[in-house]
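The values are calculated or read from the model by the stated rules, or taken from the named source; none is laboratory data. Computed from a prediction, not measured in an experiment: that's the story for all the values here. Every residue, glycine among them, receives a Cβ derived from its backbone with ideal geometry; neighbour counts consider all protein chains shown. Note: areas computed on protein heavy atoms with side chains; ligands, DNA, RNA excluded. Shrake-Rupley method; radii C 1.70, N 1.55, O 1.52, S 1.80 Å.
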Amino acid sequence: MAETETSPCHTTGECANGGHSAIVSSGTGACGGDGIPVVDFDVLVNGAADQRAQAIRDLGRACEDWGFFMVINHGVSEALKEAVMETYKELLSLPEEGKAEYLEAGPMDPIRIGSGFYSVVDGARYSRDYLKMFAHPELHCPANPAKLRDVATDYAAKTRGLLLQLAKAISESLGLDGGRISEALSLESCFQILVGNHYPPYTGPDNVGMGLPAHSDHGLLTLLFQNGVDGLQVEHDGQWLLAEPLPGAFFVIAGDQLEIVSNGRYKAVLHRAVVGGERARMSFVSMVSPCLDAVVEPVPELARDGQGLEFRGIRYRDYMAHQQSNKLDGKAALDIARVQRDISGRIEQHN
Ligand code: OGA
Ligand code: NI
């Protein structure tokens, strides 16, 4: 692996509010270390009209400039997050026999346990073990650990509520009705996945390796928290930044469906996971996506003057299967939905 690909770079960005201390009192519009935007969920949902309007503008800026932010005051308890991590840890320590039926299931199977990204195509080159479970409209989960079903049900419901509220605010931030994105993507019957990631201690060459290469997520919005070991990096202004969470915060990652539905106004963000050091890293992901049968296309209101739409409609199920069945390659998967233009900007005909 090329040196440049693996070295974690930690660049200090600018933060008008001066970093962590201003966050809670100022609500939204604040930013954490490295300038990563921070969204105060409580203000977004319960704030007075003017506070809320400001929070929506700040959220829009976070989506437009970063595609990545932290959310605080989100109402998901630390106890539930801890239960999720503990239960996932228990699952990891179960003997292989109990997990064999899920090992390397196909990309559209509802329960999958594996290593790397999809080892059929990537040869498990990456230092990552995962558990993926479809969580909505129906939760699928391994029978053991016994408490997994209850914990996952609770966590899926709470985080789905949070992500759907964020989708509503994001819709407003685009100048649309709060329900417009939801309507376009049939979010009332959204598809949701939970993913547990485990990155073992890594003491290979240079002590730095790749857990997950640069990619964008195939869904709409991804919520992520980790076990206190950093390693998530996001691309911002052409640089890789190490994302360090505020205490209790979730990371939110804009996915490919947000880029499509917003006609490219809000781009899916490239991110990756690096590993290094003696401590295992764990992260837990809750991703909300359009209904599997929704045909996702840009909302026409967001067409740029005279330029038409940037993406053609694609059924989410087909998009997900495509992204999950191929090697992870940055944002290449989005090209199957992108309208190709010639050098003068004219749309090239598809066969
Ligand atoms: C993912 C992902 C990053 C991390 O699961 O899609 O990007 O920090 N994970 O584990
Ligand atoms: Ni990701």
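Starting at 0 and stepping by 10 Å, how many percent of the alpha carbon pairs of the stretch 48-180 end up in each bin?
The calculated distribution, bin by bin, is 10, 30, 29, 22, 8, 1.
For the chain, what D do you get in µm² per second when you plug the Kirkwood radius from alpha-carbon pairs into Stokes-Einstein at 20 °C and 1.002 mPa s?
104 µm²/s
Taking θ = phi - 60°, what integer Hz values does the Karplus form 6.51 cos²θ - 1.76 cosθ + 1.60 yield along the stretch 34-48, in sequence order, with x for Gly and Pro?
Karplus-based 3J(HN,Hα) across the stretch 34-48 equals 6, x, 4, x, 10, 10, 8, 5, 4, 5, 4, 9, 10, x, 5 Hz.
May I ask you to derive the relative contact order of the chain, considering only C-alpha pairs under 8 Å and at least 6 residues apart, and to give it as an integer percent?
After rounding, I find 18 percent.
Per residue, what volume in Å³ does the Cα convex hull of the stretch 110-206 take up?
Per residue, the Cα convex hull of the stretch 110-206 comes to 157 Å³.
Quick one: dipole size for the stretch 76-336, taken about the Cα centre, charges +1 on Lys/Arg Cβ and -1 on Asp/Glu Cβ, in debye to the nearest 20.
80 debye
For the stretch 296-306, in order, what is each residue's ³J(HN,Hα) by Karplus, 6.51 cos²θ - 1.76 cosθ + 1.60 with θ = phi - 60°, in whole Hz (x at glycine and Pro)?
Along the stretch 296-306, the couplings run 8, 8, x, 6, x, 4, 9, 4, 7, 3, x Hz.
Going by Cα centres, the stretch 122-175 and the stretch 91-108 are how many Å apart?
About 18 Å separates the Cα centre of the stretch 122-175 from the one of the stretch 91-108.
Run the reach check for K132 against lysines, Cα to Cα strictly under 25 Å, same-chain hits fewer than 8 apart removed. What comes back?
K81, K89, K99, K147, K158, K267, K327, K331
With θ taken as phi - 60° and the coefficients 6.51, -1.76 and 1.60, list the Karplus ³J(HN,Hα) couplings across the stretch 166-180 in order, rounded to whole Hz; mark glycine and proline as x.
For the stretch 166-180, the Karplus curve yields 5, 4, 5, 5, 5, 4, 4, 5, 8, x, 9, 4, x, x, 5 Hz.
What span do the alpha-carbon atoms of the stretch 168-322 cover on each of the three principal axes, reported in whole Å from largest to smallest?
Principal-axis extents of the Cα atoms in the stretch 168-322, largest first: 52, 32, 32 Å.
Hey, if we sort H136, H215 by accessible area with the 1.4 Å probe, largest down, what's the order?
H136, H215
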